[in-house]
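Structure first, commentary second.
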Amino acid sequence: MPAVSQQQLKPMRLLFSAGLVLSGSGTGLAEERLPSIDVISTTPLHGVEIERNRLPMHTEIATDEDIRRQQSLDLSEFLNQRFGSVFLNEAQNNPLQPDLLYRGFVASPLIGLPQGMSVYMDGVRINEPFGDTVNWSVIPESAIAGINLMAGSNPLFGLNTLGGALSVQTKNGFTHPGAEVEVSGGSFDRYTAQASIGGQKDNLGYFFTGNYFDEDGWRDYSPSESKQLFGSLAWQGEAGSLDLTLSLSDNELIGNGALPEDLLEEDREAIFTRPDITEQEATLLRLGGQRELGDEIVLEGAIYFRNSQIDTLNGDDSDFEECEEAENEGFICEEEEGGEEGEEEEVVLDQNGNPIVADDDVEGGTVNRSKSDQDTFGLSLQTAFLQPLGGRDNQLIVGVAADRSEVDFSSDTELGSLDDSRQAIGSGIFVEESFTEVETETKNLSFYFTDTWSVSEQLALTLSGRWNKTEIELRDQLGTALNGDHSFTRFNPAVGLAYDLNQGVNLYAGYSESNRAPTAMELTCADPEDPCRLPNAFLSDPPLEQVVAKTWEAGLRGSLPGMNWHLGLFQTTNEDDILFISAGALTNEGFFDNVGETRRQGLELTLNGRLADNRLDWFLSYTRLKATFEENLNIASPNNPFAVDGEIAVSSGDRLPGLPENLLKAGATYRVTSNISLGADLQYSSDIVLRGDEANLDDEIDGYTLVNLRGEYQATDKLKLFAKVDNLFDKEYETFGLYGEADEVLGDDYENPRFLSPGSPRAIWAGLRYNFY
């Protein structure tokens, strides 16, 4: 374990001094404080909990009531509005397909991003096995009972927990009895509906809920629909419990993505090319149980099955054009980006092995399709030992987790043309080399432990560790080029202390490690000599190294009358970080590569509380994030206007793309009367670097400030009316950017290679909620 430097100790001393001030030492405030004890689970299985102030890391929690009061569309929107260090970009411009970034680590539904968070629902890993992606649309908002966000490289949450772990607990009939319906509608022709019913009889509880979402979208040609169902049957006895849950989702989402900056200035609602459709059906069946063996031993476990079927259809511009050399005249060749002088062009063959004849029907556009069918079987078992150690409280948990995933993936590219609306129209002629069929099998086995011991009444020591083994098998169904067998193993440790300075202040410090094995998706798209077009093309698999994240964290937290607060510092260094490198004519072309060390470090401040006889709830959070490359390297970026021979020179200290250095969030809700409440939120994000500008040569995307309003009116004991306004001042802003070739589609007047994703304009929604009993 690395030694702590004097430079690292200096910020900790500052934190200690700040804590003495915030604790009210010398003022009598600490003595007046009546602390509330929050508890949290330290593993994905959430049956055994511990006081949060005994853990050596920053955590955030929320309940279903918090989500409801915020009037959030889904879980990702709530996290963006209320949790510190969380940032959403609208790369796809679909509200159910955001990239969520926490401390500079991403959890996204988009293949092509270096995923760095693990997400669990009732102890089941939600990250997809093929690319570690997170589909937020499979988590039903109306089924959420609570959420825990654990900061750092916590090894207990397994693979991919580089920057944090999110754990979701669902409702059951014991915790959420009653029946209600909710409907809403408003801007963008968005309509939503929810219904739920729960209850219990003797030892049996039941809970069922359904969500429906439909909208036309605020940009052209952008309708989406989402349907979700969730059910729970639970049994509770004197010393144990069982619960069976089933979650189903069916989504058709259109996200038309980034827009050329020149076109954006003309029409923010426009799209570049279309369609960009993702159809997903997901199933999660889980059986979990808990058994108490006396007062000091608790057994807990779960077995589950997950299936995810994802079909994509993307209409794009084309990098295929009529051949230039005389001997190939009249045929189609692939456009060469940065090819060597004298290199012969190659005629493109169709699905029958014949040269493709140049024609208006096969030039200007492509239709890219992919299909994936992902099955995962898994189990997790753990035992908690609660016996005192040395006469002091102690919680020891040991566990094992295993899963096996099988994925069938296929893709192809059909040549076509673009109509007047820039919709790709297929010709029925497919590119022979684009056909991909690959089957993958991924096996994960982990053993873990964590022990939190109260060394004294004030001091708690936590030791944790997890051993991970991942085996990935790739089998090409059309040949042997994609065949490969890979194995990754690692033990990840964690250690930390939490110390009560006084009744009002708790000091914590910790060190943790976690790893991420390259996914099957990344292993088959890692050749810089032949970039792939996500999510449709794959290549032979040069090896990638697994990513190892190492996190230092220290902070102070506590309470004052009417206020809770937290002030912390963190630093996470990724070794052999994997990034997607843009390296083609199209905005989604590139390859995955290990880029050496990257670092994300910063400061976090969170405040929240109640005032005015508990009629005013308020919160404030600020994050200062410095996310940088830590090594010099050259990266391919052919469309970056500052590139030399298609490459940019990245220096140590250059900012990582897509991450704001400053995030500020504030909000308040005031209960005007017993029936009326009004609320407002403010979100500020500073400028960000475009993807493809890892060398920080181009202008950044400007920062922005948004203000949102919301209100509720309790009309009767059973009926509540609510409304909200997002982006009150109709601010024009962008949250994501990259490079492409707009002039290939739009003409010579659109030579600016910058593509930006516009943020949503002002929107108003209103609805009602009715409780039957």
Consider D319 against the criteria (1) at pLDDT 90 or above; (2) within 15 Å of L415 (Cα to Cα); (3) among the acidic types (D, E): it satisfies all of them except one. Which criterion is unmet?
-> (1)
If we keep only residues of the stretch 479-503 that are touching a residue at least 12 places away in the same chain (Cβ under 8 Å) and part of a loop (DSSP other than H, G, I, E, B), then the residue surrounded by the most Cβ atoms within 10 Å (Cβ to Cβ) is L482
Take the stretch 634-646 and flag every residue that is crowded, with 19+ Cβ neighbours inside 10 Å and not in a loop (DSSP other than H, G, I, E, B).
-> I635, A636
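Mind checking which residues of the stretch 131-141 are small (G, A, S) and either part of a loop (DSSP other than H, G, I, E, B) or open to solvent by 10 Å² or more (accessible area, probe 1.4 Å) (or both)? Before you say what the answer is, go through the steps one by one.
Looking only at the stretch 131-141, we keep the residues that are small (G, A, S), and these are 131, 137.
Once the filter is applied, which keeps residues that are small (G, A, S) and either part of a loop (DSSP other than H, G, I, E, B) or open to solvent by 10 Å² or more (accessible area, probe 1.4 Å) (or both), the stretch 131-141 yields only G131.
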In the stretch 145-191, what residues are touching a helix residue (DSSP H, G or I) at 6+ places or on another chain (Cβ under 8 Å), among the β-branched types (V, I, T) and open to solvent by 10 Å² or more (accessible area, probe 1.4 Å)?
-> T170
Test result for R610, open to solvent by 20 Å² or more (accessible area, probe 1.4 Å), in contact with a strand residue (DSSP E or B) (Cβ under 8 Å, 6 or more places away or on another chain), assigned to a loop (DSSP other than H, G, I, E, B) and in contact (Cβ under 8 Å) with a residue 40 or more places away in the chain = no
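Can you tell me which of V367, V407 is closer than 28 Å to F491 by Cβ and either at pLDDT 95 or above or within 30 Å of the chain's Cα centre (by Cα) (or both)? Walk me through it before giving the result.
Details: V367 fails: closer than 28 Å to F491 by Cβ.
Going through V367, V407 in turn, the sole match is V407.
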A careful count of residues in the stretch 63-114 that are touching a helix residue (DSSP H, G or I) at 6+ places or on another chain (Cβ under 7 Å), assigned to a loop (DSSP other than H, G, I, E, B) and open to solvent by less than 30 Å² (accessible area, probe 1.4 Å) gives 5
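Tell me, which residue of the stretch 735-750 that is touching a residue at least 40 places away in the same chain (Cβ under 8 Å) and charged (D, E, K, R) is nearest to G692 (Cα to Cα)? Even if it seems obvious, please write down each step before you answer.
Just the residues of the stretch 735-750 that are touching a residue at least 40 places away in the same chain (Cβ under 8 Å), to begin with: 735-742, 744-746, 749-750.
Subset that is charged (D, E, K, R): 741, 744, 749.
On the way: E741: 13, E744: 19, D749: 22 Å.
Top of the filtered list is E741.
More than 30 Å from G255 (Cβ to Cβ) and of a type in the set (D, E): is that true of E334 in this structure?
Working: more than 30 Å from G255 (Cβ to Cβ): no; of a type in the set (D, E): yes.
Against the criterion (more than 30 Å from G255 (Cβ to Cβ) and of a type in the set (D, E)), E334 does not qualify.
Out of the residues in the stretch 360-389 that are assigned to a loop (DSSP other than H, G, I, E, B), open to solvent by 40 Å² or more (accessible area, probe 1.4 Å) and in contact (Cβ under 8 Å) with a residue 24 or more places away in the chain, which is nearest to S41 (Cα to Cα)? Give the derivation first.
Step one: list which residues in the stretch 360-389 are assigned to a loop (DSSP other than H, G, I, E, B), which gives 363-364, 386-388.
Applying the additional criterion that residues be open to solvent by 40 Å² or more (accessible area, probe 1.4 Å) yields 363, 386-388.
Narrowing further to those that are in contact (Cβ under 8 Å) with a residue 24 or more places away in the chain: 363, 386-387.
Details: E363: 56, L386: 14, Q387: 18 Å.
This residue is L386.
Using the structure shown, decide if R710 is touching a strand residue (DSSP E or B) at 6+ places or on another chain (Cβ under 6 Å), buried (at least 20 other Cβ atoms within 10 Å of the Cβ) and not in a loop (DSSP other than H, G, I, E, B). Let's see the steps before the verdict.
Numbers: touching a strand residue (DSSP E or B) at 6+ places or on another chain (Cβ under 6 Å): yes; buried (at least 20 other Cβ atoms within 10 Å of the Cβ): yes; not in a loop (DSSP other than H, G, I, E, B): yes.
When the stated conditions are applied, R710 passes them.
Just need a number here: residues in the stretch 707-730 that are of a type in the set (D, E), closer than 15 Å to Q70 by Cβ and over 27 Å from the mean Cα position of the chain (by Cα). Let's see the steps before the verdict.
From the stretch 707-730, those of a type in the set (D, E) are 712, 717, 726, 730; that's our starting set.
Applying the additional criterion that residues be closer than 15 Å to Q70 by Cβ yields 712, 726.
Imposing the further condition that a residue be over 27 Å from the mean Cα position of the chain (by Cα) reduces the set to 712.
Total meeting the criteria: 1.
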Can we say Q194 is out of contact with any helix residue (DSSP H, G or I) (no Cβ under 7 Å at 6 or more places or on another chain), within 30 Å of I40 (Cβ to Cβ) and not hydrophobic (A, V, I, L, M, F, W, C)?
-> no
Output for the stretch 232-263, where each listed residue is outside any loop (DSSP other than H, G, I, E, B), under 30 Å from D743 (Cα atoms) and open to solvent by less than 10 Å² (accessible area, probe 1.4 Å) = L253, L259, P260
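The values are calculated or read from the model by the stated rules, or taken from the named source; none is laboratory data. Given the structure is predicted, the values throughout are model-derived calculations rather than measurements. Using ideal geometry, Cβ is built from the backbone for each residue, glycine included, and neighbour counts are taken over all protein chains shown. When the accessible area is computed, the model is the full protein with side chains, heavy atoms only, and any ligands, DNA or RNA have been set aside. Shrake-Rupley method; radii C 1.70, N 1.55, O 1.52, S 1.80 Å.
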